[in-house]
Amino acid sequence: MMSSKKAAMMAVLLAVACICAQAAEFYTPPVVSVALLDKAPEIDGIVGRQEWGQAAVLSEFVTLGGKSHVQLPTTVYVGYTEQALYVGVRLFDSNPQQLRREVTQRDGEVWRDDCLELFVDTAGKRQDYAHLAVNSLGTKYDSYDRVVTEDFQWEAAATIHDDGWSVEIQLPFANQIAPQPGDEWIMEVARNAARADVLSSWGYHNKSFYEPENFGTLIFGGRPCRVTIDDLGAMWLGQNNAFISVRPLYKLLAAGERESPQTIKLNVRVMGRDKRGHFFNSVKQTLAATTQQASVPYLIKQDGFSTVTFSLTDHEGIVRWRSGPYPVEVPPVSAALAKTEQKLGDALVKWAKMAEGSQKQHTQAMLEEMLMAWRSLNDRYQKREQMNRAELEHLLLEVQLITGQTEALMREISNPGTT
C-alpha cells in the first residue's frame, strides 16, 4: 500500500497540467490598400509630408525570424498614378554617418550595404518576382528570380538626413496602364540595417527575404485608408490596449447622398503557444472624414512567445489592411514549472524502487522539500499578471534552480551509495 507521504507527493504532481505544446505556427501576410494619387511625387529622395499625404502607410516592420521588435524603425508610403507605382521610405537611424554605403556600380552587391529592398510579383502567384534594391548613395540593383538580367526601367533616389535616410522609387506600369481598382499585386518591402546588423521587413520571414509565400498583398484603389498603429500597448500578460488611427484616402459621402457612412472593424488576433493562448477581438467604428483614433483591447493569456496582429476590414468584410505579427516575449515560467514537474515525477518513480534504508529516507526528505518548493513557486505563478518582467524573470531562475537540484537528486537515486 502506498504510504501517506508518497500519496501526498503524487497528489501534488498530478495537481498541475501537463507540459504545454510549443507555440503554434500561424502567419497571414500583411495587406495594404493604396489610393490613386492626385499628383505624382518628385523622385528626389526627400519624402515630403505634403507630396505623400494621400499615400497609404505600411505597418511597422518586424525583424527577420520575428522574435524581437525593430529598434531602427522604417516608415513606408505607397501610392500610384495612372502611369506608375510610387514608394517613399523613411529609414530612421541615430548614426547615419556610420551607414555602410560602399557599392557604387549598378547591379553590384547593394544588398550588403544599408539598403532598402523591394520584391514585386505582379502575377500574384508567389513564384516569380522582381527584386530591387537601393542604398543610401542611390545605387540600384535589380534581378528577376534572383538572376541579374536586363535592367528594369525604374527610378530611385536617396538622401541622408540627421535622423537616418530616405528613398523614393517610381515603378512605371507596363504600357503606362494602371491596374484596375481591386487588382492585387504581391509585394514585400525589406531593410538591411547593415551597420547595426539588423534585417527587417513589412511581412514576417523565417530565414531570408526570399520567401514569396510570406510576401504581403497590395490592393489598388477601392476604398483605401491610411492606418497607423500609434501604440501597441504594454504587450504583457493580461489586458492590453492598442491605439490605432484611421483616415480614409477617398472622399466620404454624407448620409442621404448615395450611400451611408461606412462602418469598419479594427481587429486584433493573439496567437499563443497553443489554443488556450489564442484571442480575437473586433472593434466597430464609423469612418469619419478626418483621422480618428480607436482603442483596441486584447488579452495575452500565456507566457512564453506569442504574436499580436492587427487588421482592418470594411463594411463588406474585406481585409483592407493587416499588420505583420508583432512578438510578445514573456519569461516562460509555465514551461519551466512543467519541466520541473516531470523531473520530480521521474525522481519519485525511481525513489519508489529504492531499497528500504537510511538513503531512501534521506532522499525522501529531499524530494519532499523540493516538492514543497515547487508547489510554492507554482502558487506564486498563479499571480503572474500582477508581476512585472523582473519579477517573472526572477521566478524563472528560482524554478530553474529547483530543476537543477532535482536532476542532482535523480542521479543520487539512480546511483545509491555513490554520494
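The values are calculated or read from the model by the stated rules, or taken from the named source; none is laboratory data. It should be emphasised that the depicted structure is a prediction, and the values quoted were computed from it without experimental measurement. Counting neighbours? That spans all protein chains shown, and the Cβs are built from the backbone with ideal geometry, glycine included.
For segment 37-53, enumerate the residues that are surrounded by 15 or more Cβ atoms within 10 Å (Cβ to Cβ) and in contact with a strand residue (DSSP E or B) (Cβ under 6 Å, 6 or more places away or on another chain). Result: L37, P41, I43, G45, I46, V47, W52. Picking from residues in segment 71-85 that are closer than 20 Å to F119 by Cα and in contact (Cβ under 8 Å) with a residue 60 or more places away in the chain, the one that is surrounded by the fewest Cβ atoms within 10 Å (Cβ to Cβ) is Q83. The set of residues from segment 385-419 being part of a helix (DSSP H, G or I) and of a type in the set (G, A, S) comprises A390, G404, A408, S414. Given the options S33, S59, S94, name the one that is assigned to a loop (DSSP other than H, G, I, E, B), closer than 26 Å to D231 by Cβ and touching a Lys or Arg at 6+ places or on another chain (Cβ under 8 Å). S59 is the lone residue from the list that is assigned to a loop (DSSP other than H, G, I, E, B), closer than 26 Å to D231 by Cβ and touching a Lys or Arg at 6+ places or on another chain (Cβ under 8 Å).
Consider G108 carefully, then state whether it is assigned by TED's automatic domain parsing to the domain that holds S201, at pLDDT 95 or above and within 23 Å of L85 (Cβ to Cβ). Considered against the rule, which asks whether it is assigned by TED's automatic domain parsing to the domain that holds S201, at pLDDT 95 or above and within 23 Å of L85 (Cβ to Cβ), G108 comes out as no. The number of residues in segment 145-178 being more than 16 Å from G88 (Cβ to Cβ) and in contact with a helix residue (DSSP H, G or I) (Cβ under 8 Å, 6 or more places away or on another chain) comes to 1.
Is segment 78-93 home to any residue that is among the β-branched types (V, I, T) and modelled with pLDDT under 95? No; the residues of segment 78-93 include none that is among the β-branched types (V, I, T) and modelled with pLDDT under 95. One residue stands out among those in segment 6-34 that are among the aliphatic types (A, V, I, L, M) and modelled with pLDDT of 95 or more: the one that is surrounded by the fewest Cβ atoms within 10 Å (Cβ to Cβ), which is V31. None of T104, T149 is touching a residue at least 12 places away in the same chain (Cβ under 8 Å) and either in a strand (DSSP E or B) or farther than 24 Å from F310 by Cβ (or both) except T104. For the structure I just gave you, tell me whether A373 is over 34 Å from the mean Cα position of the chain (by Cα), closer than 16 Å to A338 by Cβ and part of a helix (DSSP H, G or I). It is true that A373 is over 34 Å from the mean Cα position of the chain (by Cα), closer than 16 Å to A338 by Cβ and part of a helix (DSSP H, G or I). If we scan segment 230-241, do we find a residue that is over 21 Å from L58 (Cα atoms), in a loop (DSSP other than H, G, I, E, B) and free of Cβ contacts under 8 Å to residues at least 60 places away in the same chain? Yes, segment 230-241 has at least one match.
This table checks each residue for (1) in contact with a helix residue (DSSP H, G or I) (Cβ under 8 Å, 6 or more places away or on another chain); (2) aliphatic (A, V, I, L, M); (3) at negative phi.
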| position | (1), (2), (3) |
| --- | --- |
| Q342 | no, no, yes |
| A347 | yes, yes, yes |
| A355 | no, yes, yes |
| H362 | no, no, yes |
| M366 | yes, yes, yes |
| E391 | no, no, yes |
| V399 | yes, yes, yes |
| Q405 | yes, no, yes |
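Can you spot a residue in segment 249-259 that is at pLDDT 90 or above, out of contact with any Cys (no Cβ under 7 Å at 6 or more places or on another chain) and either outside the structural domain of S311 (by TED's automatic domain parsing) or surrounded by 14 or more Cβ atoms within 10 Å (Cβ to Cβ) (or both)? Within segment 249-259, none of the residues are at pLDDT 90 or above, out of contact with any Cys (no Cβ under 7 Å at 6 or more places or on another chain) and either outside the structural domain of S311 (by TED's automatic domain parsing) or surrounded by 14 or more Cβ atoms within 10 Å (Cβ to Cβ) (or both).
A single entry from L118, L99, L137 fulfils the requirement of being under 22 Å from A178 (Cα atoms), assigned by TED's automatic domain parsing to the domain that holds N175 and of a type outside the set (G, A, S): L118. Residues that are in contact with a Phe, Trp or Tyr (Cβ under 6 Å, 6 or more places away or on another chain), surrounded by 13 or more Cβ atoms within 10 Å (Cβ to Cβ) and under 29 Å from T403 (Cβ atoms): does segment 265-284 have at least one? Checked segment 265-284: at least one residue is in contact with a Phe, Trp or Tyr (Cβ under 6 Å, 6 or more places away or on another chain), surrounded by 13 or more Cβ atoms within 10 Å (Cβ to Cβ) and under 29 Å from T403 (Cβ atoms).
Number of residues in segment 86-101 that are charged (D, E, K, R), touching a residue at least 60 places away in the same chain (Cβ under 8 Å) and closer than 29 Å to P172 by Cβ: the value is 1.
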